[in-house]
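Notes to accompany the following structure.
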Number of protein chains: 2
Amino acid sequence: MSAIPHDLPAPTLGFLLNDVARLLRKRFEQNAKGLGLTRAQWQVLAHLRRAEGIAQGGLAELLEVEPITLARIVDRLEDAALVERRPDPKDRRIKRLFMRPEALSLIDDMQVIGDATRAEALEGLPAADRDHLTRILGVMKTNLAQACSTGCRQKEAVHG
Amino acid sequence: MSAIPHDLPAPTLGFLLNDVARLLRKRFEQNAKGLGLTRAQWQVLAHLRRAEGIAQGGLAELLEVEPITLARIVDRLEDAALVERRPDPKDRRIKRLFMRPEALSLIDDMQVIGDATRAEALEGLPAADRDHLTRILGVMKTNLAQACSTGCRQKEAVHG
DNA sequence: AAGACTTCGTAAGCATGCTTATGTTTTGCG
DNA sequence: CGCAAAACATAAGCATGCTTACGAAGTCTT
C-alpha cells in the first residue's frame with residue numbers, strides 16, 4: 001500500500017450511476033451464467049411476452065435502443081430457437097417477433113435470478129429508499145430520453 | 001397506434017438503472033463528440049490526474065473494471081498521445097501510467113460537458129433528491145462490489 | 001538453486017451499445 | 001402510373017465490458 005491517499009474524484013453521480021449499473025449487470029450475469037441467456041436477451045424476451053407480434057422497430061423504441069442493437073440480440077435469440085421472426089402479411093418491410101414455447105420457462109428462471117440479484121444490490125436499504133430511487137431514476141430517464149432525441153436529431157421539431 | 005395497452009413490465013429497477021446509465025452515457029457522448037474522447041477515456045484521465053504513475057492493475061482496481069478492459073482504453077489513449085506507459089525500474093512486469101501535457105485541457109473540457117450532461121439528467125430534481133440518490137447508489141455499489149468478488153471467485157474461500 | 005505459484009499485462013473472442021451507410025419495400029405526389 | 005421520399009431491417013465498423021488463456025517476470029518453497 002502506498003501512502004498516497006488519493007481521495008477519489010468525487011464520483012460525479014454520472015460515474016457512480018454507471019458503476020452501479022455495470023456491477024449490477026455483471027452480478028446478474030454471474031448469477032445467470034448457467035442459463036445461457038444474457039441480460040439484454042432476457043429483457044427482450046420479457047417485453048416480448050407482453051407484446052408478442054410486435055415489429056422490431058416498435059420493440060426497439062420500447063426498449064429505447066437503436067433498431068440495429070435489437071436486431072443483433074434477436075439474431076442470437078433466433079439462433080437459440082427462442083424467438084421467431086415472421087413476415088408481416090401487409091407490409092413486407094416488417095418482421096414481427098414471436099416467442100417459441102421454450103422461452104417461457106427460461107423467462108421465469110431469469111425472473112427469479114433477477115429478483116435475487118436485485119435483493120443483493122439493495123441489501124440494507126429500506127423500502128422507502130427503494131421507492132425513492134425508482135422515482136428519481138424515472139425522472140432522470142424521462143429527462144435523458146428527451147434530451148437525447150431533441151439534441152440528437154430534432155426529428156419532428158414539433159416543439160410542443 | 002394499436003389498441004394493445006402493453007403496460008410495461010414494471011421496469012424492475014435493474015432495467016431502470018441500466019436504462020438511465022445507458023442514456024446518460026449516450027447523452028454525454030453526444031455532447032462530447034467534438035472532443036474525440038469517450039466517457040471511459042475521460043474517466044481514466046480524470047483518475048490519472050490524481051494518481052499519476054499508478055500501475056495499470058492498480059488503476060483498474062480503482063475503476064473497478066478488469067485489467068484487460070483498462071488496457072484497451074489505455075491503448076487508445078496512448079495512440080492519441082495523451083498518456084504514456086513507462087516501465088517500472090524495480091519490477092519489469094509493471095507499466096506505470098503518466099499523462100502527457102496535452103491531456104490537461106482536455107480533462108477540463110470534459111468536466112464542463114460532464115457537469116452540463118448531469119444537469120440535464122437531474123433537471124427538476126431538488127438537491128435533497130440528488131443527495132439521496134448518491135447515498136443510495138453508494139450503498140448499492142458497495143453491496144455489488146462485495147457480491148461480485150465473493151460470489152465470483154471465493155478468492156479467500158473463508159470456509160473452503 | 002530449481003521448481004511452483006502468483007502477479008502483471010495482454011491476446012482472443014464474445015455480447016452490447018453506438019453511428020453511418022445500404023438495400024428493400026411502401027407511400028405519396030405529380 | 002412512376003419516381004422521390006420515408007420507413008424498416010440490416011451491414012460495417014468502433015468502443016467498452018466480460019471471460020478465458022497465455023507469456024513474462026517476481027516470489028516463495030523446498
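The values are calculated or read from the model by the stated rules, or taken from the named source; none is laboratory data. Values in this document were obtained by computation on a predicted structure and should not be read as measured data. As a convention, Cβ positions derive from the backbone with ideal geometry for all residues, glycine included, and neighbour counts pool all protein chains shown. These area figures cover heavy atoms from the full protein model, side chains too; ligands, DNA and RNA do not enter into them. Shrake-Rupley method; radii C 1.70, N 1.55, O 1.52, S 1.80 Å.
General remarks:
- In the condition set (1) over 26 Å from residue A:137 (Cβ atoms); (2) surrounded by 15 or more Cβ atoms within 10 Å (Cβ to Cβ); (3) modelled with pLDDT under 90, residue B:148 is compliant with all but (1).
- Residue in the range A:51-66 that is nearest to residue A:141 (Cα to Cα), counting only those that are within 10 Å of DNA strand D (Cβ to nearest atom) and touching a helix residue (DSSP H, G or I) at 6+ places or on another chain (Cβ under 9 Å): A:61
- When residues of the range B:24-54 are limited to those that are over 24 Å from residue B:122 (Cβ atoms) and open to solvent by less than 20 Å² (accessible area, probe 1.4 Å), the one farthest from the chain's Cα centre (by Cα): B:53
- Scanning the range A:117-135 for residues that are under 18 Å from the mean Cα position of the chain (by Cα) and open to solvent by less than 50 Å² (accessible area, probe 1.4 Å) yields A:117, A:121, A:133.
- Selection count, the range A:67-95, where residues are charged (D, E, K, R), within 7 Å of DNA strand D (Cβ to nearest atom) and surrounded by 14 or more Cβ atoms within 10 Å (Cβ to Cβ): 2
- Which numbered condition residue A:46 fails, given (1) away from DNA strand C (no atom under 11 Å from the Cβ); (2) within 12 Å of residue A:113 (Cα to Cα); (3) out of contact with any Gly (no Cβ under 7 Å at 6 or more places or on another chain): (2)
- Residue count for the range B:100-125, restricted to those that are at negative phi and within 14 Å of chain A (Cβ to nearest Cβ): 17
- Residue match in the range B:88-105 (condition: without any contact (Cβ under 8 Å) to a residue 60 or more places away in the chain, in a helix (DSSP H, G or I) and touching an Asp or Glu at 6+ places or on another chain (Cβ under 9 Å)): no
- Total residues in the range A:56-105, condition over 20 Å from residue A:149 (Cα atoms) and within 11 Å of DNA strand C (Cβ to nearest atom): 18
- Taking the range B:106-128 as the range and being farther than 27 Å from residue B:17 by Cα and either within 15 Å of DNA strand C (Cβ to nearest atom) or among the aliphatic types (A, V, I, L, M) (or both) as the test, only B:106 passes.
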